[in-house]
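The values are calculated or read from the model by the stated rules, or taken from the named source; none is laboratory data. As the structure is a prediction and not an experimental result, all values here were calculated from the model. Virtual Cβ from ideal backbone geometry, glycine too; neighbours counted across all protein chains shown. Calculation scope for accessible area: heavy atoms of the full protein, side chains included, ligands and nucleic acids excluded. Shrake-Rupley method; radii C 1.70, N 1.55, O 1.52, S 1.80 Å.
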Amino acid sequence: MGVAAAEIRLDQRVTSFVKERRKLLIGGQWVDAASGKTFPVYNPATGDVIAHVAEGDKQDIDRAVKAARRAFESGAWPRLTPSERGRLVWKLGDLILEHLEELAELESLDNGKPINVARAADVPLAADLFHYMAGWATKIEGNTIPISVPYAPGAQFHAYTLREPVGVVGQIIPWNFPLLMAAWKLGPALAAGCTVVLKLAEETPLSGLRLGELIQEAGFPDGVVNIITGFGETAGAALAAHPGVDKVAFTGSTEVGKLIVQAAARDLKKVSLELGGKSPNVVLRDADLDLAVAGTAGAIFFNHGQCCCAGSRLYVQQQLFDKVVEGVANEARKIKVGPGLDPETQMGPMVSEIQFKRVCGYLESGINEGAKAVVGGKKLSGKGYFVEPTVLVDTRPDMKVIQEEIFGPVVAAIPFKEFDDDLVKAANDTVYGLAAGVWTKDIGKAHALASKLKSGTVWINCFNIFDAALPFGGYKQSGWGREMGHDALDLYTQKKAVCAAL
Ligand code: ADP
C-alpha cells in the first residue's frame with residue numbers, strides 16, 4: 001500500500017518563511033550561528049528538504065544565556081508590573097490565534113501532522129495556554145506566617161514569604177507538538193517573570209522560529225526569550241550544562257532526561273522533566289463498546305502514536321476482547337494515511353527517517369518475538385516516512401513492544417480475566433507512569449482503578465483530554481514536576497522567607 005497526495009496550497013507567508021534561511025533569536029536579534037553552520041529541515045511526507053536553519057551550538061548557547069541573564073537582572077523586564085507582564089503573555093496568545101492558519105500549515109509541513117489537527121488542536125491549545133498563564137502573572141503570591149520562635153520569648157516578628165522567579169531557564173522541547181510544547185514551557189516561565197533560552201527540536205524548528213517573531217511583535221523586551229535551533233548532543237547538552245542557567249525544563253525521552261539530570265547535577269540546577277510513557281488503557285467488560293473502541297483507537301492513533309501518553313497497552317476484559325480488537329482494527333483500517341497537508345489525511349508520516357526506522361524496528365521485533373499483527377505491521381511503500389496503523393495481539397509482558405515506548409501507531413491488545421489486583425499489577429508493570437485510561441460504566445470501579453494506577457493522569461471514558469488548567473506530568477520514570485495548571489508556576493518560582501523583628 002502506498003500514499004496518495006492532494007495537498008493544500010500553502011499560505012504565501014508560509015512559503016516565504018521557509019524560503020529564507022532561518023536564524024537564531026539572541027538578545028532580540030536574529031543572528032547566524034557563530035560557526036556559520038546551518039542544517040536542513042525535512043518534509044516527513046516526502047523526505048525532501050523544506051528549509052535551512054542555523055545550527056546553534058555551545059557558543060550560541062553561551063551568547064543566549066548571557067542575553068537571558070542581562071534581561072533577567074536589568075532592563076525593562078524586571079521592572080514590568082505583574083499586570084504588564086500578564087498582558088504581554090496574553091497578547092502572545094492573541095497573536096497565535098491571529099496567525100492560526102499560517103502556524104497550522106507550518107506545523108503540518110514540518111511535523112507531518114494532519115493540517116486539520118494542527119488547526120483544531122495544536123494552535124488553539126498553544127494560544128489557550130498563553131491566555132491561561134497570562135492570568136497567573138498577577139496571582140503569584142506569598143503568605144504571612146505567624147511564628148512562635150520558642151528560644152526568643154517575648155520577641156515579636158513579622159514573617160512572610162515571597163514567590164520569586166527562578167531566574168534564567170533553559171527549555172528543551174521535542175518534535176511531536178512543536179508549537180504546543182513551546183507554549184507549555186514558555187507560558188508559565190514568562191508569567192512568573194523568568195527569562196528563557198528555548199532549544200527547539202532539530203526535526204521541527206519552524207513553528208518555534210515563527211513564534212519567536214510573534215514574541216517580538218507582542219513586545220517582550222529583548223533577551224527575555226532567546227530561541228536556538230541545533231542538535232541535542234551539542235546545543236541541548238550545552239544548555240543543560242551551562243553554569244549561567246538556573247533551571248532546566250525538558251520534554252523528551254527518558255533516556256535523554258537522565259542525561260539532563262546528570263548535566264544539571266554539576267551545579268545543582270533545578271530540573272523539571274516530562275518524559276516517556278507506555279500508558280495502559282483498560283476496558284472493563286461493562287464498558288460502552290462503541291465508545292471504548294473509538295476512544296482506545298484514538299488513544300493510540302492520535303498524532304500517529306507520537307504522544308508520550310499514547311495508550312499503547314490495551315488491556316481488555318476477556319468477554320469483550322475479540323469485539324474490541326476487531327473494532328480497533330476496523331478503526332485502523334479506516335484511517336486515511338497521507339501527507340499532513342492533504343485535508344483528507346487522518347494520519348501523517350512519522351516525523352523523521354530515524355523515528356520511522358525505530359517504529360519499523362519495533363514492529364519487526366514484536367513479530368519476530370511471536371506477536372501477531374491483526375492489522376498493519378508494516379511500513380508503507382513510496383516516499384515519506386509512513387507506517388501502517390497497527391494492532392498487535394499474542395504479546396508477552398517481557399517483549400520489547402510491551403516494555404519499551406514505541407512512539408508510533410502501534411497498540412498491543414492484551415486480554416485479562418478479572419477486575420482484580422493482577423490487572424492493576426499488569427497495568428502498572430512498566431517503568432513509566434505518565435497516563436492511563438479506564439473504560440467502564442461502573443463509576444465505583446472507574447474511581448477505584450484511577451486511585452490504583454500509578455500515573456500522573458487517568459482518563460475515565462475519554463483519552464487525550466488536555467486543558468491549560470489541568471496539570472500534566474509523570475509518576476516514576478515519566479518525569480519530575482507538573483506542567484499546565486497552577487502547578488506549572490511552581491516550576492518557575494522559588495519561595496523566599498522574610499522575617500523581620502518588630
Ligand atoms: P526523541 O528521541 O524522541 O527525538 P529526544 O529526547 O532525543 O527525543 O529529544 C528531545 C529534545 O531533547 C530535542 O530538542 C533534542 O535535541 C534534545 N536532546 C537530545 N539529546 C540531548 C542531550 N544529550 N542533551 C540535551 N538535549 C538533548
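For this structure, a couple of remarks:
- Within region 218-237, being more than 8 Å from the ligand (Cβ to nearest atom) and either aromatic (Phe, Trp, Tyr) or under 20 Å from Ser253 (Cα atoms) (or both) holds for Phe220, Ile228, Thr229, Thr234.
- Applying the condition of being closer than 25 Å to Ala104 by Cα and either basic (Lys, Arg) or touching a Gly at 6+ places or on another chain (Cβ under 9 Å) (or both) to region 312-339 and asking which residue is most open to solvent (accessible area, probe 1.4 Å) yields Lys334.
- Considering region 145-215, the qualifying strands (runs of 3 or more DSSP E), each wholly inside and each with 2 or more residues that are buried (at least 24 other Cβ atoms within 10 Å of the Cβ), within 15 Å of the ligand (Cβ to nearest atom) and touching a residue at least 60 places away in the same chain (Cβ under 8 Å), run over 168-172, 195-199.
- Residue match in region 340-358 (condition: under 25 Å from Phe321 (Cα atoms), assigned by TED's automatic domain parsing to the domain that holds Gly298 and in a helix (DSSP H, G or I)): no
- Verdict on Pro280 being farther than 25 Å from Gly437 by Cβ and either open to solvent by 20 Å² or more (accessible area, probe 1.4 Å) or within 20 Å of the chain's Cα centre (by Cα) (or both): no
- Among residues that are in a loop (DSSP other than H, G, I, E, B), outside the structural domain of Lys258 (by TED's automatic domain parsing) and basic (Lys, Arg), Lys425 is not included.
- Test: residue in region 409-417 that is part of a helix (DSSP H, G or I), of a type outside the set (D, E, K, R) and either in the same structural domain as Ser108 (by TED's automatic domain parsing) or crowded, with 19+ Cβ neighbours inside 10 Å (or both): no
- Within region 118-129, the set of residues being in contact (Cβ under 8 Å) with a residue 60 or more places away in the chain, open to solvent by less than 40 Å² (accessible area, probe 1.4 Å) and not small (Gly, Ala, Ser) comprises just one member, Leu129.
- Among residues of region 261-271, those that are more than 7 Å from the ligand (Cβ to nearest atom) and surrounded by 17 or more Cβ atoms within 10 Å (Cβ to Cβ), counted: 4
- Where Arg9 falls short, out of the listed (1) in contact with a Phe, Trp or Tyr (Cβ under 9 Å, 6 or more places away or on another chain); (2) open to solvent by 70 Å² or more (accessible area, probe 1.4 Å); (3) at pLDDT below 95: (1)
- Here is the figure for region 365-407: residues that are closer than 17 Å to Thr430 by Cβ and touching a residue at least 60 places away in the same chain (Cβ under 8 Å) total 6.
- Selection count where residues are among the β-branched types (Val, Ile, Thr) and more than 11 Å from the ligand (Cβ to nearest atom), scope region 244-260: 1
- For region 279-312, the set of residues classified as in contact with a Pro (Cβ under 7 Å, 6 or more places away or on another chain) and under 12 Å from Phe463 (Cβ atoms) consists of Ile300, Phe301, listed by residue number.
- Pick from region 468-502, criterion assigned to a loop (DSSP other than H, G, I, E, B) and open to solvent by 70 Å² or more (accessible area, probe 1.4 Å), ranking: nearest to Val424 (Cα to Cα): Tyr475
- Qualifying residue in region 359-366 (condition: more than 16 Å from the ligand (Cβ to nearest atom), open to solvent by 30 Å² or more (accessible area, probe 1.4 Å), in contact with a helix residue (DSSP H, G or I) (Cβ under 6 Å, 6 or more places away or on another chain) and at negative phi): no
- Taking the numbered list (1) closer than 21 Å to Gly479 by Cβ; (2) more than 14 Å from the ligand (Cβ to nearest atom) in turn, Ile140 passes all entries but (1).
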